[in-house]
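Only one structure is covered here, and it is reproduced in the block below.
The values are calculated or read from the model by the stated rules, or taken from the named source; none is laboratory data. Quick caveat: nothing in here was measured; it's all calculated off a predicted structure. So basically every Cβ, Gly included, is an ideal-geometry build from the backbone, and we count neighbours across all protein chains shown.
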Amino acid sequence: MKTGVLALQGDFDAHRRRLEELGAEVVLIKKPEQLEEIDGLIIPGGESGTFLKLLGEDGFAKLKQFVLSKPTFGTCAGAILLATEVENPAQAGLGAIDIGIRRNAYGRQIDSSIREGKLGNSPLEMVFIRAPKIVRVGEGVEVLATEGADPVAVRQGRTMAATFHPELSEDLRVHQAFLSMIPDVEKTRGTFIGKSSLSDELEQERRQKDKE
Ligand code: GLN
């Protein structure tokens, strides 16, 4: 079971460290062919327009095929890439998660900040850097985390997106929630961290819903 981090630009190395702290085997993805080796992928922050340029048409098509079939987590620019609709300005999205997202939505004055939001019902430190805002949440998209009134981490099926940078905080719960979506990790999840985690909470919620 291998987890990839797209390593074209941006803060991919911080994601690698977080995943390794959780015991995952990480592959830095620099070429589209490497996508064949991995079971899940993180698309890091950076500049989404630059990602599109670096990917090119072929890279975009291969990445799209991957994100539509395997667990993927996009943070900040990565969340922008995964969205169905991108504005300010409009640009192509991979369409893996049914959200509308507005780039650089906080303006220059609060360009970057560390704020406290909520992951489920628990407080979570969130680092925002020229962050986008999720302006539309489609049906079937679950909100995992909020900051004030805004959804800041969402999930649909095998796709997760966050507008903040969990890789820049010590808290591992968001990465753990992502790893728990990769099937083989699910089986050995208990070995990662003993305490109750978001993935456990979500699992319980899911079971509860199934009962209802
Ligand atoms: N502002 C960047 C973009 O539009 C995202 C910033 C980030 O990833 N930290 O793509």
Considering every residue within segment 44-67, establish whether at least one is acidic (Asp, Glu), under 28 Å from residue 137 (Cα atoms) and at pLDDT 95 or above. yes
Within segment 1-15, restricting to residues that are modelled with pLDDT of 95 or more and within 17 Å of residue 181 (Cα to Cα), the one that is surrounded by the fewest Cβ atoms within 10 Å (Cβ to Cβ) is 2
Taking first residues from segment 72-88 that are under 11 Å from residue 159 (Cα atoms) and second residues anywhere that are of a type in the set (Lys, Arg) and modelled with pLDDT of 95 or more, the pairs with Cβ under 8 Å that are 6 or more apart or on different chains are 72/158
Among the residues of segment 19-70, the number that are in contact with a Cys (Cβ under 9 Å, 6 or more places away or on another chain) and over 21 Å from residue 169 (Cα atoms) is 1
When restricted to 46, 23, the only residue under 19 Å from residue 161 (Cβ atoms) and part of a loop (DSSP other than H, G, I, E, B) is 46
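Just one of 149, 161 is in contact with a Leu (Cβ under 6 Å, 6 or more places away or on another chain) and modelled with pLDDT of 60 or more; which is it?
Working: 149 fails: in contact with a Leu (Cβ under 6 Å, 6 or more places away or on another chain).
It is 161.
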Among the residues of segment 40-96, the number that are of a type in the set (S, T, N, Q) and more than 10 Å from the ligand (Cβ to nearest atom) is 4
Filtering segment 49-80 for residues that are assigned to a loop (DSSP other than H, G, I, E, B) and at positive phi leaves a count of 1
Conditions (1) part of a strand (DSSP E or B); (2) without any contact (Cβ under 8 Å) to a residue 40 or more places away in the chain; (3) over 18 Å from residue 170 (Cα atoms) -> residue 153 fails only (3)
Does residue 49 satisfy the condition of being closer than 18 Å to residue 176 by Cα and either surrounded by fewer than 21 Cβ atoms within 10 Å (Cβ to Cβ) or among the hydroxyl-bearing types (Ser, Thr, Tyr) (or both)? no
